[in-house]
Amino acid sequence: MTYDPQNIFAKILRGEIPAAKVLETNHALAFLDIGPVNKGHVLVIPKAEAATLSDLPDDLAAHIGSLLPRLCRAVKTATGADALNIVVNHGEAAGQTVHHVHWHIIPRFSGDAVHWPWPHQSYAHDEMEQMRSRIAQSLDNANATDS
Ligand code: 5GP
């Protein structure tokens, strides 16, 4: 996806608008979501021009991944949350509204008002094997391109 340098998180990275920062490294920034699902909701973003997770180089994705356990522990301790949702919305149809890749760390409390609309389908006949094969083939093709 084309990266728009005027997106709100790019402005936060450039210091053009403020953010309530909780952690900063040379390659990533974590800050409070301005409209939290529950208070203490943190966003983690790479310091790179990547609109979606698919656009992010592996090493930066690995760096963000390395920060997540520490951030999860801190959010859980600071908020007293019973649980967390770690979410990446990838593309508008999946709910992405800011087109700079970001991880949500959302504190959750037993009985809170958040309803996770996550319906489940089932596979018919050999659909599951066909889907497995298509995804595995796409990975093989990508590996061939990468090497
Ligand atoms: P998305 O729907 O793209 O996965 O999530 C975007 C998130 O960014 C939303 O949860 C929204 O509340 C948050 N957000 C939007 N604008 C700002 C802002 O200016 N500052 C901060 N800290 N968060 C923002």
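The values are calculated or read from the model by the stated rules, or taken from the named source; none is laboratory data. What you see is a predicted model, and the numbers here were worked out from it, not measured in a lab. Using ideal geometry, Cβ is built from the backbone for each residue, glycine included, and neighbour counts are taken over all protein chains shown. Heads up: the accessible areas ignore ligands, DNA and RNA and are worked out on the full protein's heavy atoms, side chains in. Shrake-Rupley method; radii C 1.70, N 1.55, O 1.52, S 1.80 Å.
Taking segment 14-28 as the search range and keeping residues that are outside any strand (DSSP E or B) and over 17 Å from V101 (Cα atoms), which one is nearest to the chain's Cα centre (by Cα)? Write out each step before concluding.
Quick first cut of segment 14-28, residues outside any strand (DSSP E or B) only: 14-20, 25-27.
From the residues that got through so far, the ones that are over 17 Å from V101 (Cα atoms) too are 15-18, 20.
On the way: G15: 21, E16: 23, I17: 21, P18: 21, A20: 18 Å.
So the residue we want is A20.
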- Confirm whether A81 is crowded, with 18+ Cβ neighbours inside 10 Å, more than 16 Å from the ligand (Cβ to nearest atom) and within 28 Å of P119 (Cβ to Cβ). yes
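Yes/no per residue for (1) away from the ligand (no atom under 15 Å from the Cβ); (2) within 20 Å of E24 (Cβ to Cβ); (3) at pLDDT 95 or above; (4) β-branched (V, I, T):
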residue	(1), (2), (3), (4)
C72	yes, yes, yes, no
N85	no, no, yes, no
H90	no, no, yes, no
T97	no, no, yes, yes
H120	yes, no, no, no
H125	yes, no, no, no
M131	yes, no, yes, no
- Message: What are the pairs with Cβ atoms under 8 angstrom where one residue, in segment 1-20, is under 20 Å from H41 (Cα atoms) and the other, located anywhere, is open to solvent by 40 Å² or more (accessible area, probe 1.4 Å) and outside any loop (DSSP other than H, G, I, E, B)? Sequence gap at least six, or different chains.
- Response: I17/I8; I17/K11; A19/L32; A20/L32
- Message: Testing F31 on (1) in a helix (DSSP H, G or I); (2) under 16 Å from V88 (Cα atoms); (3) free of Cβ contacts under 8 Å to residues at least 60 places away in the same chain, one condition comes back false. Which one is that?
- Response: (1)
- Query: In this structure, is P107 away from the ligand (no atom under 11 Å from the Cβ) and out of contact with any His (no Cβ under 8 Å at 6 or more places or on another chain)?
  - Reply: no
- Quick one: E49 ticks every box in (1) farther than 28 Å from P119 by Cβ; (2) part of a helix (DSSP H, G or I); (3) open to solvent by 80 Å² or more (accessible area, probe 1.4 Å) bar one, so which box is it? (2)
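How about segment 89-103: which of its residues are of a type in the set (V, I, T) and open to solvent by less than 50 Å² (accessible area, probe 1.4 Å)? If you could, list the steps in order and put the result at the bottom.
Let us first name the residues in segment 89-103 that are of a type in the set (V, I, T), namely 97-98, 101.
Correct list: V98, V101.
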- Task: Give segment 1-39 a look and list any residue that's touching a Gly at 6+ places or on another chain (Cβ under 8 Å) and within 11 Å of the ligand (Cβ to nearest atom), or say none.
- Result: L32
- Query: In this structure, does K11 turn out to be charged (D, E, K, R), surrounded by fewer than 16 Cβ atoms within 10 Å (Cβ to Cβ) and under 21 Å from A81 (Cβ atoms)?
  - Reply: no
- Task: Kindly list, by first and then second residue, each pair from a residue in segment 105-131 that is open to solvent by less than 90 Å² (accessible area, probe 1.4 Å) to a residue that is modelled with pLDDT of 95 or more and among the small types (G, A, S), limited to pairs with Cβ atoms under 7 Å and residues at least 6 apart or on different chains.
- Result: P107/G40; P107/A81; R108/A81; R108/A83; F109/A81
- Query: How about segment 52-64: which of its residues are open to solvent by less than 50 Å² (accessible area, probe 1.4 Å), of a type outside the set (A, V, I, L, M) and within 21 Å of A94 (Cα to Cα)?
  - Reply: T52
